[in-house]
Amino acid sequence: MNQHSVKTYTVEEAKRKLEKYCAYQDRCHKEVRDKLVEMRMMPEAVDAVLYHLLQHKFLDEERFARSFARGKFRHKKWGKNRIKQELKQREIGDYLIKKAFTEIPESEYLNTFDELAQKRFDQLTGETDKYKKRKKLADYMAYRGWPGDWIYEKAKELIP
């Protein structure tokens, strides 16, 4: 790619572009920083744009963590282990992860676990070996980030 085909942005253009990017959906600092680097912004410009987005509430790490946890739990039925792992990959600290988990009511968390395990169990009709069936159920639930001891108990309960 020659130099003339690379789009460059002024700090003001980058601010506007990233305001839209953040307004469309909550973003974490890491996603925004990566986007700015991808746009070939200089480090000083990256800092200036991040500062602007923070000042004008386009970027809010706590709001991001809370909406991420809520969304992944409600829509993808992820457990807290998976949510925590994904937030850590986005460089969200333990304090905000703990705050994000307040978005998930304990009763809803337990019900979702039971419903998801039951649904997966109902899908495992082709498997006749009970140990393989338990393993398939356990692997499915573990991948989604549910607690191992819960999974073990539920597998024994559903597949005696």
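Rule-based calculations on the coordinates, nothing more; no lab input. Values in this document were obtained by computation on a predicted structure and should not be read as measured data. So basically every Cβ, Gly included, is an ideal-geometry build from the backbone, and we count neighbours across all protein chains shown.
Here I83, I104, I97 are screened, and the one residue that is touching a residue at least 40 places away in the same chain (Cβ under 8 Å), of a type outside the set (D, E) and closer than 22 Å to Y143 by Cβ is I83.
For segment 34-47, a residue qualifies if it is surrounded by fewer than 17 Cβ atoms within 10 Å (Cβ to Cβ) and not in a loop (DSSP other than H, G, I, E, B), and the qualifying residues are D34, V37, E38, P43, E44, D47.
Here T102, T128 are screened, and the one residue that is within 30 Å of H29 (Cα to Cα), out of contact with any Gly (no Cβ under 9 Å at 6 or more places or on another chain) and of a type in the set (V, I, T) is T102.
Quick grid of which residues meet (1) free of Cβ contacts under 8 Å to residues at least 40 places away in the same chain; (2) in contact with a Pro (Cβ under 6 Å, 6 or more places away or on another chain); (3) surrounded by fewer than 13 Cβ atoms within 10 Å (Cβ to Cβ); (4) within 25 Å of M141 (Cα to Cα):
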residue	(1), (2), (3), (4)
A23	yes, no, yes, no
D26	no, no, no, no
H29	no, no, no, no
V32	yes, no, no, no
L53	yes, no, no, no
L110	yes, no, yes, yes
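Could you list all residues from segment 1-21 that are surrounded by fewer than 16 Cβ atoms within 10 Å (Cβ to Cβ) and either assigned to a loop (DSSP other than H, G, I, E, B) or in contact with a strand residue (DSSP E or B) (Cβ under 9 Å, 6 or more places away or on another chain) (or both)? Within segment 1-21, M1, N2, V6, K7, T8, T10 meet the criteria.
For segment 66-85, residues that are farther than 20 Å from D149 by Cα, surrounded by 17 or more Cβ atoms within 10 Å (Cβ to Cβ) and of a type in the set (D, E, K, R) total 2.
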